[in-house]
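The values are calculated or read from the model by the stated rules, or taken from the named source; none is laboratory data. None of the values given here were measured: they were computed from a predicted structure. Here the Cβ positions follow ideal geometry from the backbone for every residue, glycine too, while neighbour counts run over all protein chains shown. When the accessible area is computed, the model is the full protein with side chains, heavy atoms only, and any ligands, DNA or RNA have been set aside. Shrake-Rupley method; radii C 1.70, N 1.55, O 1.52, S 1.80 Å.
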Amino acid sequence: MNSNKYIGIDLGGTKIMTAVADENGEIIDKVKLATESHLGQTRIKDNIFSSVYKVLANTNTKMENINKIGIGSPGPLNIERGIIYKSSNLPIKNMQIVKLLKKETGIDTYIQNDANAAALGEKKFGAGQEVDDLLYITISTGVGGGIIVNGNIYYGHTGNAGEIGHITVDPAGPKCGCGNYGCLESFSSGTAIKNMAKKAIKSKDETILKEMNKNNKLSAELVAKAAAKGDNKALAIFSEAGYYLGIGMASLVNIFNPELIILGGGVMKAKEYFLDKAKEEFKKRALDVSADIVKITEAKLKDEIGVKGAIAVA
């Protein structure tokens, strides 16, 4: 049996991206299906199966030519047992997806938290190929991450290490979705940027955000558009997000002493408005012995990081 291909499945709240890749991790073809999470857990499972069959058909690949299947999924998970316990973005409870997918396909299947999968993807195929100790931070709707130590994912005792978005950077800060106050996620995520813009719009401050938000389409992307027009309030919002990102990175570097920090996620499209501030604050706070050797760079895999991460898991 010539099993020289891999399948990666990036399971998200709104879409499932599934790809077939060769032994070098190069994507041969990929398909995107709606998750249809509003239709429940069984429909999600069926759509995962459908995405596998569709990408096999598109690539004229037989099931017996697939070596392994990897899944990147929101958590929390039981990685060893292949269970998605639950997710804030998916109506899933105790889905034994690894067992179900192996039964359906006959292929050995593995699962990782999506942030860990992305970190592994950058290590195997992206910006982290030359290093063994790195931190991957995704700045998107929330802030997440993955930790690679000696070339392997660091899981912690119960498999829940890497919740980078929930380190406290200001105990007097706003309440986070996790229930804590002042988490990195509550300052530097896309959601946090949007929330800061909401306050600006309601304030007496001058900002073109008030005009730009007439259709109530406020988002971090809209704030970036205002920043591009030179709006001082929008620029200040991104500067604050960068300030706290720098504090968070300094704490992480002081603990883990990585060689590389890789920054990914949709908010990085606006990096010119906050990354310099983040690096400046990082340099002020990180210990020289660690800060002097670490490089901060952007994720290389861009929009393919989810599915490439799942391929790396496989």
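Give the aspartates and glutamates reachable from Lys45 as a straight Cα distance under 15 Å; neighbours fewer than 8 places away on the same chain don't count. Straight-line reach from Lys45, under 15 Å: Asp10, Glu36, Glu104. The antiparallel fraction among DSSP beta bridges confined to the chain stands at about 55%. Ordered by 1.4 Å accessible area with all protein chains kept, Cys178, Cys183 run largest first as Cys178, Cys183. Once the 1.4 Å probe is applied to the protein heavy atoms, the chain comes out at 49 Å² accessible per residue. Can you pull a Stokes-Einstein diffusion coefficient for the chain at 37 °C (0.692 mPa s), Rh from Kirkwood over Cα pairs, as a whole number of µm²/s? Approximately 162 µm²/s, per Stokes-Einstein. For Lys229, the shell of other residues with beta-carbons less than 14 Å away shows a net charge of -2, using +1 for Lys and Arg and -1 for Asp and Glu. Taking all protein chains as shown and a probe of 1.4 angstrom, Tyr85 keeps an accessible surface of around 80 Å². The accessible surface of region 15-115, taken with every protein chain in place and a 1.4 Å probe, is 44 percent carbon and sulfur. Against the criterion of solvent-accessible heavy-atom surface with a 1.4 angstrom probe, His38, His157 sort, most first, into His157, His38. Close amide H pairs (under 5 Å, H built 1.01 Å from N) link Lys86 with Asn94, residues at least 5 positions away or on another chain. Tell me whether region 1-139 comes out rounded, prolate or oblate; compute the Cα gyration tensor, take square roots of the eigenvalues as a ≥ b ≥ c, and use a/c under 1.5 as the rounded threshold. It comes out oblate by the Cα gyration axes.
Largest accessible area first, the listed residues Asp132, Asp29, Asp292 line up as Asp292, Asp132, Asp29 when surface is computed with a 1.4 Å probe on the assembled protein chains. Label separation (Thr42 vs Ile208): 5.2 nm, computed from points 7 Å beyond Cα along the C-beta direction.
A cut-off of 5 Å between modelled amide H atoms, ignoring neighbours fewer than 5 places along the same chain, links Thr35 with Lys15, Ile16.
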